[in-house]
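Peer 1: Got a structure here, written out as structure tokens. Questions coming.
Every read-out reported here was derived from the displayed coordinates using simple, explicitly stated rules and does not represent laboratory data. No experiment lies behind these values; they were computed from the predicted model shown. With ideal geometry, Cβ positions are generated from the backbone for all residues, glycine too; neighbour counts draw on all protein chains shown.
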Amino acid sequence: MTPHRTSPRDTTTSDEPIHTVAAIGESDDLDGFRLVGVPVTAALTPAAALAAWDALGENVGLVILSPTAASALGSRLSERPEVLTVTTP
């Protein structure tokens with residue numbers, strides 16, 4: 001059976017996982033990502049950043065972090081090597 005593609009650029013098949021994007025940090029730094037549909041979890045404290053990281057779903061493949069959130073998460077980021085992270089300037 002050939003996978004159904006919805007457009008010429010769609011290379012996914014039904015048995016491939018779909019990954020989503022999430023953002024963690026101060027809303028002021030990340031509000032622009034909301035405009036394109038990225039769910040932003042406000043994390044004003046290190047504890048809130050850690051809680052947001054722990055609450056990420058298994059389908060999250062990319063997390064955008066504010067500098068403060070990235071600093072708070074530190075070595076915890078290596079606990080999920082399958083998740084790509086990027087820190088905003």
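Peer 1: Quick check: net charge around E79, other residues with Cβ under 15 Å of its Cβ, Lys/Arg +1 and Asp/Glu -1?
Peer 2: Details: positive: R76, R80; negative: D54, E58, E82.
Here the charged neighbours net out to -1.
Peer 1: Ignoring solvent entirely, what values of log10 I(q)/I(0) come out of the Debye formula for region 20-87 at 0.11, 0.13, 0.15, 0.24 Å⁻¹ when each Cα is a single scatterer?
Peer 2: Those come out to -0.20, -0.28, -0.38, -1.03, one per q.
Peer 1: What does the highest-first list of 32-45, 74-87, 53-66 look like by mean Cβ count within 10 Å? Numbers along the way, then the final one.
Peer 2: Details: 32-45: 14.1, 74-87: 11.8, 53-66: 16.4.
Peptide ranking by packing, descending: 53-66, 32-45, 74-87.
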